[in-house]
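Encoded as structure tokens, the structure appears first; notes follow it.
Bear in mind these aren't lab numbers, they're just calculated from the coordinates by the rules spelled out. Quick caveat, the model's predicted, so the values are computed rather than measured. Cβ atoms come from the backbone with ideal geometry, glycine included; neighbour counts cover every protein chain shown.
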């Protein structure tokens, strides 16, 4: 993604990229998707409820969904590094 894009343009760019990527791969190849946002937030994040609904329909058609709960290792490492710097 170009670094000069505004936040709104960046969101539109990512939404278009996601739509194109998933629609081309639908029933042709495996896709692993990760997100730190709940699925309920995706229409707001991608900006178009109808397109997001179609995207999620295709993405979840043959999906295996895994949900992980608990502390983030990345956040824990960041906290440890910050504490180390302050010491």
Restricting to Cα pairs under 8 Å and 6 or more apart, the percent relative contact order of the chain works out to 30
C-alpha long axis of helix 7-25 to longest principal axis of the chain, angle in °: 60
Mind giving me the FRET efficiency for residue 79 and residue 33? R0 is 35 Å, r the Cβ-Cβ distance, nearest 0.05 is fine. 0.80
On C-alpha positions alone, give me the angle between the axis of helix 49-60 and the longest principal axis of the chain, in degrees, nearest 10. 80
Which Rg and Dmax, in Å, describe the Cα atoms of the chain? 16.8, 53
Can you give me the distance in nm between label points at residue 67 and residue 51, each placed 7 Å from the Cα along the Cα-to-Cβ direction? 2.7
Compute the acute angle (0 to 90°) between the alpha-carbon long axis of helix 73-86 and the principal axis of greatest extent of the alpha-carbon atoms of the chain; round to the nearest 10°. 30
Order by neighbour count: 39, 32, fewest other Cβ atoms within 10 Å first, most last. 32, 39
